[in-house]
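Below is one structure; the comments refer to it alone.
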Amino acid sequence: MATKFQPRLDDYFRQTNQATWQPKGADYEINVGDIETSGGTPNLTDIERYSREFAEKTLARTDTIQKDMALSLTVKSLTRETAQMMWMDADGDLLTQTAVTAQTKTFNNLKVGRIYDLGYVNTTINSADDDGTTPIQFVEDVHYKHVSELGKIELIAIPATATKLVVDFDADAVDAEDDVAVYGGMAGQGVFGTLRYYGISDIGQNFKIEFWNVRIKPAGEISLQGADDYGDITLEARVFADGTKPLKYRFFKVTELKN
């Protein structure tokens, strides 16, 4: 059978976007990175009236009394911003440490395979021995491994007759210029701000979608050990109304982009 109308063969589309995140109170946006999938689910709560003015109760009216929306994101890029979303801490603390020299730490319960903490990071070992009258030396890579970044020592062998390990060490200063982030896990209720999508597909219509006021937090399990594939971060966002916007755009605004 012949078609009745002219077929529409040029209106197919692919949803491909870049997204940016604008933290609450900030005057800038940050590229979220590689988003594998994302979607939004509008939720409407209705009341309904089935009229009794017919032989059977008949739907006569529906009115929406509640609206909300949820977003989902699976992100392949682990950035400072997506880490804040994952750990639920947007305060931006940075690791600081005052430099120390010739600090001494004593470990008494020695056993091969145990890991001992010096209490500082970025450490340098000056000496390691049993502090005896005639000190028995612990040799790096023979008796212990030193992980400077963590400030930890792993015991791999114990010299004969040694019953304790006394470590003399230095530790470098760490300040804001080193830019080492520290997160308080679940310190907040998520991160708050504006999430924007910018269509980049070369097939079909693209849009700019602006969610003014969202809270982003992990969606379910936070992956702590991955498999063989690239890692991803699964997030969810709750969309809140923005009272500063026109009523029509209080939840979000969609603007066509001309390719």
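Rule-based calculations on the coordinates, nothing more; no lab input. The structure presented is a predicted model; accordingly, all values stated were derived computationally and were not measured. All Cβ positions, even for glycine, are placed from backbone atoms using ideal geometry, and neighbour counts span all protein chains on display.
Contact order for segment 107-162, expressed relative to its length and based on alpha carbon pairs under 8 Å spaced 6+ residues apart, stands at 44 percent. Taking label positions 7 Å along the Cα-Cβ direction at both ARG14 and SER201, the computed distance is 0.9 nm, reported to one decimal. Other residues lying with their Cβ under 14 Å from the Cβ of LYS67 contribute a combined charge of -1, Lys and Arg counting +1, Asp and Glu -1. A straight Cα-to-Cα reach below 18 Å connects LYS217 with the aspartates and glutamates ASP34, GLU36, ASP68, GLU81, ASP89, ASP91, ASP232, GLU236, residues fewer than 8 places away in its own chain not being considered. Please report how far the C-alpha centroid of segment 36-55 lies from that of segment 132-166, rounded to the nearest whole angstrom. Their Cα centres are 69 Å away from one another. Distances between placed amide hydrogens fall under 5 Å for LEU94 paired with VAL182, all partners being 5 or more residues away or on another chain.
Neighbours of THR96 by Cβ distance under 10 Å: Lys/Arg scored +1, Asp/Glu scored -1, total -3.
Each Cα pair under 8 Å and six or more residues apart adds its separation to the average, and for segment 1-78 the resulting relative contact order is 29 percent.
Measuring r between the beta carbons of LEU257 and LYS67 and using R0 = 22 Å, the FRET efficiency lands at 0.30. Computed from label points 7 Å out along Cα-Cβ, the spacing between LYS245 and GLN225 is 4.3 nm. When log10 I(q)/I(0) by the Debye sum over Cα atoms at q = 0.07, 0.12, 0.14 Å⁻¹ is computed from the coordinates, the matching label among [x] -0.28, -0.75, -0.96; [y] -0.49, -0.91, -1.04; [z] -0.31, -0.75, -0.97 is [y].
Spread over its residues, the convex hull of the C-alpha atoms of segment 100-174 is 75 Å³ per residue. Remark: ILE35, ILE115, ILE153, ILE209 ranked as ILE115, ILE209, ILE35, ILE153, counting other beta-carbon atoms within 10 Å and listing the fewest first. Over the chain, Cα pairs under 8 Å with separation of 6+ residues give a relative contact order of 24 percent.
Net charge of the neighbourhood of GLU236, taken over other residues with C-beta under 14 Å away and scored Lys/Arg +1, Asp/Glu -1, is 0.
Counting other C-beta atoms within 10 Å, which of THR104, THR134, THR194 has the fewest, and how do the rest follow? In order of increasing Cβ crowding within 10 Å: THR134, THR104, THR194. Shown is the FRET efficiency for ILE156 and GLU177, computed with R0 = 35 Å from the Cβ-Cβ distance and rounded to the nearest 0.05: 0.50. Which is the longest run of the chain containing none of the GluC sites (Glu not before Pro) found in DSSP loop states (not H, G, I, E, B) with at most 16 other C-beta atoms within 10 Å? No qualifying site falls inside 57-148, the longest such stretch. Computed from label points 7 Å out along Cα-Cβ, the spacing between LYS76 and VAL112 is 4.5 nm. Classify segment 204-259: rounded, prolate or oblate, from the alpha-carbon gyration tensor (a ≥ b ≥ c, eigenvalue square roots; a/c under 1.5 rounded; otherwise prolate if a/b is larger than b/c)? Judged from the Cα gyration tensor, segment 204-259 comes out oblate (a/c at least 1.5, b/c at or above a/b).
Springs between Cα atoms under 10 Å define the GNM used for the chain, and in it the highest mean-square fluctuation of LEU94, LEU71, LEU165 occurs at LEU165. Within a straight-line Cα-Cα reach of under 27 Å, LYS258 can be paired with the following lysines, leaving aside sequence neighbours fewer than 8 residues apart in one chain: LYS208, LYS245, LYS248.
With the convex hull drawn around the C-alpha atoms of segment 94-144, the volume per residue stands at 111 Å³.
Only lysines eight or more places from LYS105 in sequence, or on another chain, were considered; those with a Cα closer than 22 Å are LYS145, LYS152, LYS164.
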